[in-house]
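Here's the structure, in structure tokens; my notes come after.
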Amino acid sequence: AKKRGRNNYQFYDEVLDKKEFERLEIENELRKAMDKEEFSLHYQPIIDLTNNNMTGVEALIRWNHPTLGLVPPSKFIPIAEEIGLIVPIGEWVLRNACKQIKHWENLGFEDLTLSVNLSIRQFYQVNLISMIKRIIDETKINPAQLTVEITESMTMDVESATIILHDLKDLGLTISIDDFGTGYSSLNYLKTFPIDYLKIDQSFIRDMTKSKSDENIATTILLMAHNLGLKAIAEGVETNEQLQVLKTHNCHKAQGYLFSKPLPAEDITQIINQLN
Ligand code: C2E
Ligand code: CA
Ligand code: CA
Ligand code: CA
């Protein structure tokens with residue numbers, strides 16, 4: 001039973017619905033997942049549209065639980081964020097992805113870039129900069145190879161975000177705004193934040209060859225990126241038609257099932273070995 005104010009008990013035993021139970025279960029298992037080494041990383045190739053080469057990869061976390069199975073990030077990242085576990089998880093992701101990039105560099109792919117997603121909790125974590133710096137030093141990667149992906153909602157606190165973004169730039173990192181177009185964004189701050197890439201959200205790409213308004217949004221973001229001196233990445237590119245429209249509007253990079261799903265590290269290693 002959970003106490004709800006004075007003399008007001010609510011008995012959850014019968015009320016505890018399926019959804020709440022599932023959430024609690026995920027939360028409990030999540031707390032043990034790191035020690036049990038249940039996390040892994042997949043890497044999705046990012047393609048440079050000027051030469052059709054793989055230019056980088058985005059690291060995407062996977063959680064394989066012995067009984068829950070493969071739990072999608074959309075289900076556990078928000079919970080990890082809520083209970084603060086995203087901070088150690090995010091550090092784990094960054095360290096492992098950087099080690100992997102170093103490994104691929106040693107195989108001969110020297111300028112492969114790595115994109116890592118930062119959650120809002122990590123972005124505003126006090127030791128974010130020292131944590132990233134430590135991992136760069138430990139893994140000896142070139143900071144120019146590392147891109148952090150943040151979302152528009154993280155820049156709502158303009159003053160703090162400006163400081164953090166400049167600190168990240170000072171480390172030598174590249175900054176990309178993920179899911180661009182779906183959240184809060186002020187065109188004014190786009191101009192003043194030290195941002196390198198706008199990543200056009202996959203919802204606009206999905207429908208761009210079906211609906212004129214979605215095509216307009218995607219192409220307007222591209223135009224705006226060009227006018228602001230930013231580069232653009234399209235995510236969720238699944239068809240050749242979409243690719244053609246993006247190329248016509250000079251989109252710099254793209255990512256999506258048309259090129260490749262997110263892959264385990266060994267598969268990327270194989271691609272790299274075939275390139276050599
Ligand atoms: P995101 O950063 O926007 O990542 C893109 C998502 O789209 C990935 O889903 C990817 O597998 C999927 N995707 C890629 N290409 C296509 C395509 O052509 N079509 C479709 N329909 N989907 C495509 P995933 O891996 O399930 O990740 C979902 C979200 O979870 C990510 O969205 C990101 O917000 C979050 N996430 C994943 N890994 C991490 C992480 O290490 N840290 C944090 N903070 N968040 C993560
Ligand atoms: Ca992302
Ligand atoms: Ca995205
Ligand atoms: Ca997303």
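Exposure proxy check: LYS199, LYS19 ranked by fewest other beta carbons within 10 Å?
On the way: LYS199 26, LYS19 8.
Arranged by neighbour count, lowest to highest, LYS199, LYS19 become LYS19, LYS199.
DSSP assigns beta bridges within the chain; of those with both partners inside it, close to 50 percent run antiparallel. Taking the C-alpha atoms only, the angle from helix 265-275 to the longest principal axis of the chain is near 10 degrees. Per residue, the chain reaches -14000 deg cm²/dmol at 222 nm when only DSSP H runs of four or more residues are counted, each adding -39500 (n - 2.57).
About the Cα centre, and with charges only on the beta carbon of Lys, Arg (+1) and Asp, Glu (-1), how big is the dipole of the chain? Nearest 20 debye, please. Don't jump to the answer; show the numbers that get you there.
Numbers: 29 positive and 39 negative charges, 65 e Å.
With only Lys, Arg, Asp and Glu charged at Cβ, the dipole is about 320 debye.
Bridgeable lysines around LYS261 (alpha carbons under 16 Å apart, same-chain partners fewer than 8 residues away excluded): LYS253.
Annotation: the residues THR67, THR192, sorted from fewest to most other C-beta atoms within 10 Å of their own C-beta, follow the order THR67, THR192.
Annotation: the residues LEU94, LEU223, sorted from fewest to most other C-beta atoms within 10 Å of their own C-beta, follow the order LEU223, LEU94.
Can you give me the relative contact order of region 154-275 as a percent, contacts being Cα pairs under 8 Å and 6 or more apart?
Values: 146 pairs, mean separation 22.7, N = 122.
Contact order relative to length: 19 percent.
Taken about its Cα centre, region 170-269 carries a charge dipole of roughly 320 debye when the Cβ of each Lys and Arg holds +1 and the Cβ of each Asp and Glu holds -1. When the charge dipole of the chain is built from unit charges on Cβ atoms (+1 for Lys and Arg, -1 for Asp and Glu) and taken about the Cα centre, the candidate among ILE101, PRO143, HIS65 whose Cα reaches farthest toward its positive end is HIS65.
Bridging of LYS133 to lysines at a Cα separation below 24 Å is possible for LYS99, LYS102, LYS169, once same-chain residues fewer than 8 apart are set aside.
Please find the FRET efficiency linking ALA144 to ASP17, where r is the Cβ-Cβ separation and R0 is fixed at 51 Å, and quote it to the nearest 0.05.
FRET efficiency, ALA144 to ASP17: 0.55.
Shape of region 121-276 from its Cα gyration tensor (a ≥ b ≥ c, root eigenvalues): rounded if a/c is under 1.5, otherwise prolate when a/b > b/c, or oblate? Since a/c reaches 1.5 but b/c is at least a/b, the shape of region 121-276 is classed as oblate.
Since every read-out is calculated from the coordinates, none of them should be taken as a lab result. Nothing here was measured: the structure is a model prediction, and the numbers come from that model. We place every Cβ from the backbone using ideal geometry, glycine too, and count neighbours over all the protein chains shown.
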